[in-house]
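Throughout, read-outs are computed from the coordinates displayed, never taken from laboratory work. Just so we're clear, the structure is a prediction, and the values are computed from it rather than from any experiment. Reconstructed Cβ throughout: ideal geometry from the backbone, glycine too, with neighbour counts over all protein chains shown.
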């Protein structure tokens, strides 16, 4: 198949693009800001095009003649706290992708979303739900994927908490009892690859989550143990959790935010096992954590050492 991918330089996108190329597909990757570092992470054979993905003519040009479009674009935080950043990245762009696909004659659309899309109080989840509504009304042959928090080498969950845990002996944690069923990045990629040309997946929404459920506090403690660190996880009452989110709104990089706090009010645990529906046995966290964080006391995760050695 000839496929155009948006968001292909991200955590999931890099792995998906590599799998698509290995499977023999022709892949065009559209990016707004493709720097030299990101280019090195993209496998040979991928056609990389830099341009404004919010320009309908740009999208239509690079959708023309394609068999499918995959939209992986997503942000976890926005500038400020008013929802406009999420609406632009998730809703406005999705509507442009749909319109451009329709005009270019592309029927197949794979859309990345999130577990709990459209539920809860957060701008993030609301925008994901709005984007899904647009996809469902598009008339295209769509498939939507709703993952729980995604883990894997160089992820934004275990690896981020690992860096924070190294800074101090106490980890104040908002919404520590929120439940998660983390899903391995390789399983998410496999689900998307399998669904791509499977007509039975047209018009379907797949919840992607792991087989184990943990609270946020349990996942952070698991991270500390894997690093060989003795840390006190301090669950915060809601008032202090909201204050923590507000304070982090003003820190560059936003390791946490008010909208993250609102998202944490809703457990990230699914109801209908999409991996099982697709015949995929989920990888468990315990099987992957050493690859992600390294053995206790290691300064560099094994995955990164292999990667550095290969280069």
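Things worth noting here:
- Shape metrics for region 107-189, restricted to C-alpha atoms - Rg then Dmax, Å: 16.0, 53
- As a rough footprinting exposure proxy, the listed residues 215, 4 were ranked by other beta carbons within 10 Å of their own, and the order from fewest upward is 215, 4.
- A Förster distance of 45 Å, applied to the separation of the beta-carbon atoms of residue 281 and residue 121, puts the FRET efficiency at 0.85.
- Column: log10 I(q)/I(0), Debye, Cα scatterers of region 1-70, q = 0.20, 0.25 Å⁻¹: -0.76, -1.17
- Working from label points 7 Å from Cα in the Cα-to-Cβ sense, the residue 265 to residue 167 distance is 2.6 nm.
- Taking the chain as a Gaussian network of alpha-carbon nodes connected by springs under 10 Å, the highest mean-square fluctuation of the residues 228, 270, 13 belongs to 228.
- The label-point distance for residue 218 and residue 204, in a model that sets each label 7 Å from Cα toward Cβ, rounds to 2.9 nm.
- Förster radius 22 Å - calculated FRET efficiency between residue 179 and residue 225, Cβ distance, rounded to 0.05: 0.70
- Arranged from fewest to most other beta-carbon atoms within 10 Å of their beta carbon, 113, 138, 79 become 79, 138, 113.
- Taking region 69-120 and dividing mean pair separation by its residue count, relative contact order in percent (alpha carbons under 8 Å, at least six apart): 50
- Rg followed by Dmax, in Å, when region 13-113 is reduced to its Cα trace: 14.0, 43
- Cα→Cβ-extended label distance, 7 Å offset, between residue 251 and residue 272, nm: 3.9
- Efficiency of FRET between residue 48 and residue 291 - r from beta-carbon atoms, R0 30 angstrom, step 0.05: 0.60
- Isotropic mean projected area of the C-alpha convex hull, region 151-267 (nm²): 8.6
- The chain: relative contact order as a whole-number percent, Cα under 8 Å and 6+ apart: 17
- Under the criterion of Cα pairs below 8 Å and six or more residues apart, the relative contact order for region 155-295 equals 40 percent.
- Between helix 185-196 and the chain: long-axis angle, C-alpha atoms, 0 to 90°, nearest 10: 20
- Note on the chain: antiparallel DSSP beta bridges, both residues inside, total approximately 5 percent of the bridges counted.
- Area projected by the alpha carbon convex hull of region 45-159, averaged over all directions, nm²: 8.3
- For the chain, the fraction of C-alpha pairs more than 23 angstrom apart is 58%.
- For 47, 62, 90, order by how many other beta-carbon atoms lie within 10 Å, fewest first: 47, 62, 90
- q = 0.14, 0.26 Å⁻¹, region 72-130: log10 I(q)/I(0) [Debye, one scatterer per Cα]: -0.40, -1.04
- Potential extension, residue 133-residue 61 segment - 0.36 nm per residue separation minus Cα distance: 23.4 nm
- The chain, helix-only ellipticity at 222 nm - DSSP H runs n ≥ 4, -39,500 (n - 2.57), divided by all residues, nearest 500: -11500 deg cm²/dmol
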